[in-house]
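Trainee: Okay, handing you the structure first.
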Amino acid sequence: MRWFLRSKIHRATVTEANPDYTGSITIDEALMGKAGFLAGEKVLVASLSSGVRLETYVILGQKNSGEICTNGAAALLIKRGEKVIIMGFELADKSIKYKNILVDENNKFVKFL
């Protein structure tokens, strides 16, 4: 068994950073659906602005809001306005077809990559 990339949101912009929340990353429900993420799923978040990488879990955001919000400790590492890549992985015995989506500056779906 190996870990394979399953879902990816590429070049999302963090719209809010809330250190007072318990933790996680809030993602627009429409983007979650396009990329194949589920609420509560563990994700790797990489900042294209600072190079920081962190693991957290997904919280469902308002549909079509463009919301990408780092919460709790993640908000201290990845701030509002930073560009990020959000990745989910799957343990499988063979390569899987993954969903990789590109978003615009307002976190609206542009295309599958």
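Trainee: Looking at (1) under 24 Å from Glu90 (Cβ atoms); (2) touching a helix residue (DSSP H, G or I) at 6+ places or on another chain (Cβ under 6 Å); (3) touching a residue at least 40 places away in the same chain (Cβ under 8 Å), which is the only condition Arg11 fails?
Mentor: Single failed check for Arg11: (2).
Trainee: Continuing with this model, one more query. Could you please give the count of residues in segment 81-93 that are open to solvent by 20 Å² or more (accessible area, probe 1.4 Å) and within 21 Å of Lys42 (Cα to Cα)? Reasoning before the result, please.
Mentor: At the first step, the residues of segment 81-93 found to be open to solvent by 20 Å² or more (accessible area, probe 1.4 Å) are 81-83, 85, 87, 89-91, 93.
Now drop any that are not within 21 Å of Lys42 (Cα to Cα), which leaves 82-83, 85, 87, 89-91, 93.
Qualifying residue count, segment 81-93: 8.
Trainee: Working only within segment 74-110, note down all residues that are small (Gly, Ala, Ser) and not in a strand (DSSP E or B).
Mentor: From segment 74-110, those small (Gly, Ala, Ser) are 74-75, 81, 88, 92, 95; that's our starting set.
If the condition is that a residue be small (Gly, Ala, Ser) and not in a strand (DSSP E or B), then Ala74, Ala75, Gly81, Ser95 are the ones that fit.
Trainee: Among the candidates Val52, Val58, single out the residue that is modelled with pLDDT of 95 or more, crowded, with 18+ Cβ neighbours inside 10 Å and among the aliphatic types (A, V, I, L, M). I'd like the intermediate steps shown before the answer.
Mentor: Numbers: Val52 fails: crowded, with 18+ Cβ neighbours inside 10 Å.
Just a single option satisfies the conditions, and that option is Val58.
Trainee: Still on this structure, I have one more. Find the strands (runs of 3 or more DSSP E) located wholly in segment 15-67 whose residues include 3 or more that are free of Cβ contacts under 8 Å to residues at least 60 places away in the same chain, and list them.
Mentor: 24-28, 42-47, 53-61
For every residue, the table says whether it meets (1) small (Gly, Ala, Ser); (2) open to solvent by less than 50 Å² (accessible area, probe 1.4 Å); (3) more than 26 Å from Phe4 (Cβ to Cβ); (4) out of contact with any His (no Cβ under 7 Å at 6 or more places or on another chain).
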site	(1), (2), (3), (4)
Ala17	yes, yes, yes, yes
Asp20	no, no, yes, yes
Met32	no, yes, no, yes
Asn64	no, no, yes, yes
Ala73	yes, no, yes, yes
Ser95	yes, no, no, yes
Lys99	no, no, no, yes
Glu105	no, no, yes, yes
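The values are calculated or read from the model by the stated rules, or taken from the named source; none is laboratory data. The model shown is predicted, which means the values in this text are computed figures rather than measured ones. Cβ coordinates were reconstructed from backbone atoms using ideal geometry, including for glycine residues, and neighbour counts include every protein chain displayed. To get the accessible areas, we keep the full protein, side chains included, count just its heavy atoms, and leave off ligands, DNA and RNA. Shrake-Rupley method; radii C 1.70, N 1.55, O 1.52, S 1.80 Å.
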